[in-house]
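Laboratory data are not the source of any read-out in this text; all were calculated from the coordinates shown. Note that the coordinates shown come from a computational prediction; the quantities given were computed from them, not determined experimentally. Cβ coordinates were reconstructed from backbone atoms using ideal geometry, including for glycine residues, and neighbour counts include every protein chain displayed.
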Amino acid sequence: MYLEHFGLREFPFTLTPDTSYFLASNHYQAALNTLLVAIHTGEGFIKITGEVGTGKTLLCRQFLACVEQINATQPLAQYVTAYIPNPYLTPQGLMLSLADELGIALAPNAEQHHVLKTITQTLLTLAQQNQQVILCFDEAQAMPLETLEALRLLTNMETEKQKLVQIILFGQPELDLKLQQNQIRQLNQRITFHYRLGALKQGEVDDYVMHRLHIAGYHGRPIFTRSAIKALYRASKGTPRLINILAHKALMASFGKGEMIVRKQQIFKAASDTESAHQRVPYRPYIAILLTIAILLIVAVVVMAGTGWVMPK
């Protein structure tokens with residue numbers, strides 16, 4: 001497509017949450033620091049929320065990569081991680097998924113009591129070996145209320161000094177509304193750390209675009225003009241997923257015209273082809289001319305009305 005044209009090794013604006021493209025901007029570094037501090041202090045529940053497309057899954061994967069680095073450099077205090085990307089589970093399904101992530105072999109059709117007992121024993125064994133279990137849920141807003149309650153009961157497992165499992169919920173703002181419901185208020189009270197991911201600011205959009213181009217192998221002058229970056233920010237409102245979609249389409253449009261840079265016109269074209277983008281009618285000289293003519297006509301009508309002029313018969 002346009003890889004060779006722009007001197008790229010790979011597509012820079014794919015939607016796959018690749019941690020090599022993680023940019024530690026203000027919001028994302030603060031959220032990552034929140035997670036790392038929380039697991040270091042042994043908190044039971046942590047919550048990260050953000051609108052659709054703000055990079056929660058990428059943040060989760062970056063966090064898990066950081067935990068792996070900690071394990072590699074601090075052999076005396078190890079973390080065991082479990083990642084569940086689809087939490088739309090029954091309480092029984094939750095326990096089975098956790099058992100699977102922890103490598104626990106269960107008999108077919110094992111009863112819930114036996115499953116819970118086996119998980120508890122495994123967690124105790126890991127704690128005795130100075131291994132802390134971290135359970136990460138992506139798209140947590142989809143979790144049924146009864147499963148959230150089962151999750152709360154799971155955090156009751158603890159020794160005299162520490163929790164046997166730490167739980168991190170990544171979800172859309174609907175998760176906040178769900179946690180405010182009366183029947184799971186105890187879970188909401190147990191969330192000790194919370195961070196809300198926001199959109200990128202206009203200056204951060206420029207850094208974001210250049211960062212991804214650099215990781216993809218580009219080392220030349222900026223491809224996106226300043227006006228293109230401004231248009232990209234307005235069309236995406238700083239949402240990383242929308243930035244990726246629009247930037248990819250704009251690169252395709254510039255490639256189609258044989259150009260080596262992306263102008264605001266390509267961003268306008270990409271936005272008009274993207275339903276989720278924030279549409280904006282681009283300025284055109286003829287629009288200004290039409291507006292001027294309309295204003296002159298209105299003024300003429302007002303003047304004629306004021307002077308009592310009428311069209312002769």
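Overview of values
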quantity	calculated
The chain: relative contact order in percent, alpha carbon pairs under 8 Å with at least 6 residues between	24 percent
The chain: calculated mean residue ellipticity at 222 nm from DSSP helix runs of at least 4, using -39500 (n - 2.57)	-16000 deg cm²/dmol
Whole-number percent relative contact order across region 26-197, with pairs defined as alpha carbons under 8 Å at least 6 apart	39 percent
Phi-based couplings in Hz for region 195-207 (Karplus 6.51, -1.76, 1.60; Gly and Pro marked x)	9, 10, 6, x, 6, 6, 7, 4, x, 6, 5, 4, 4
Taking 251, 32, 76 and counting other C-beta atoms within 10 Å, the order from fewest to most	76, 32, 251
Computed FRET value (nearest 0.05) for residue 153 with residue 68, which takes r as the C-beta separation and R₀ as 25 Å	0.30
Gain upon complete extension [residue 5, residue 176; 0.36 nm per residue less C-alpha separation]	57.0 nm
Modelled FRET efficiency - R0 30 Å, residue 272 with residue 30, Cβ distances, 0.05 increments	0.30
Amide H contacts of residue 132 (H built 1.01 Å from N, under 5 Å, at least 5 apart or other chain)	78, 79, 80
Hz values of 3J(HN,Hα) by residue in region 222-238 - Karplus curve (6.51, -1.76, 1.60), Gly and Pro given as x	x, 7, 8, 5, 4, 5, 5, 5, 4, 5, 5, 5, 5, 6, 9, 6, x
Interchain or long-range residues, amide H under 5 Å from residue 197's placed H	49, 50
